[in-house]
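Undergrad: Quick one: structure below, then a few questions.
What follows is calculated from the coordinates using simple rules that are stated; it is not laboratory data. No experiment lies behind these values; they were computed from the predicted model shown. Note: ideal-geometry Cβ built from the backbone for every residue, glycine included; neighbour counts use all protein chains shown.
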Amino acid sequence: MPIQPIFAANAAVYAIQNATTEGKITVVVLLILSLFSWTIIITKFRQLSIARKATKKFLAAYSSTRDPLDIQNKGEEYDGAPTYQLYIRGADELAYQLKHNPVQAQAVARLNPTDDGEHTKTDFPTKSTALKINMASFDAVKVILEEAASGEAMALEKGMIVLSTAVAGGPFIGLLGTVWGVMSTFAGIAESKAATLTAMAPGVAAALVATVTGLLVAIPAMFAYNFMVTTIRAITQELDGFASRYANQIEHVYVDHRPLAEEMQDANEMLAGRIVGALKNKETPALVVP
C-alpha cells in the first residue's frame, strides 16, 4: 500500500521532533547547503541560457563581416556572450597596437572596372598605403585572446564547486547524522535496559531523517551539475574555436608578413621623403611684396 503524502509529512515531523541535538544540527547544515545549491542552480542556469542565446547572435553577426574590427566600429553589443567579451578584448588590443606600433604596408586592392561586354571584366591590383602590425604586436594580441578565453571559462565555472560539494558531501553529512543518531539511540537503550521496538523506533527514525535530507540535497544538485558541466564544456570549446578563428582573421587582415629587409627599405624611403620635404620647405624663399 503506497504511503500517503500526509503520512510521510507526519513521519518527517515526528522524526525531527525526536531527533537529538546532533541530528538537528546535521539537518540544519544540510538545509543551508541546499539553499546555496539551489541559488547556484537558478543563477547558473540563467547565466548559461543567456550565454548560449547571445553567443548564437554574436557569431551570426561576426560571420557576416570581413573586418575583425567591424562589430566594434559599429558599436554593436552582445551582453552575456563569452565570445563577445573575448572579441572586445582582442579588438581593444589590436586597436592599441595599430595606434602605438603601426606598420606602413602596401595593401593590394582588387579593382573591377565596368566594361561593355558581360564576360570582359578584368580584375587588376592597385596598391594603397594601409596600417598594419608586425608579428611582435600580433603575438601580444594572441596573448590577450588566450587570457580572455581562460577568464571567460573560469567565469562560466564559477560556483560549480558548491554543486559538486552538495553532490559529494550531502549524502556523507546525512550518513554522519544517521550513524550518530543510531549510536545515541543504542546508548540510551543500554542505559534504560529496555531493548524494545517502541524504545528504539523514535531514535532510529530521527537518525534516518538526516540521510533522507542528505539525499534530497544531493540528487537535484547531481542532475543540475551534470547538465551544466556539459553545457559549459560546449561553450568553452566554442570559445576556443572562435579565439583561433579570430586570431587567424586578424593575421590575414592586419599583420604585415613582408620580409624584414623590405620593411626596412620602406621605412628608410619614408624617412628620406620626410627629410626631403622638410628641406624643400626650408629652402623655399619667402614671397616679397613690392
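Undergrad: Using the beta-carbon distance between Ile189 and Ala168 and R0 = 45 Å, what value does 1/(1 + (r/R0)^6) give for FRET efficiency, to the nearest 0.05?
TA: Approximately 0.85, to the nearest 0.05.
Undergrad: For Lys56 and Glu147, compute 0.36 nm times the residue count separating them, minus their Cα-Cα distance, and round to one decimal in nm.
TA: 30.6 nm
Undergrad: Would you mind checking the pairs Lys53/Lys74; Lys74/Lys132; Lys57/Lys99; Lys56/Lys132; Lys74/Lys158 and listing those with alpha carbons more than 24 angstrom apart?
TA: The answer is Lys57/Lys99; Lys56/Lys132; Lys74/Lys158.
Undergrad: Please find the FRET efficiency linking Arg46 to Ala95, where r is the Cβ-Cβ separation and R0 is fixed at 41 Å, and quote it to the nearest 0.05.
TA: Given R0 = 41 Å and the Cβ-Cβ separation, E is 0.80.
Undergrad: Report the extension gain between Arg233 and Lys280 in nm, rounded to one decimal, defined as 0.36 nm multiplied by the number of residues separating them, less their alpha carbon distance.
TA: Taking Arg233 through Lys280 to full extension adds about 10.5 nm, to one decimal.
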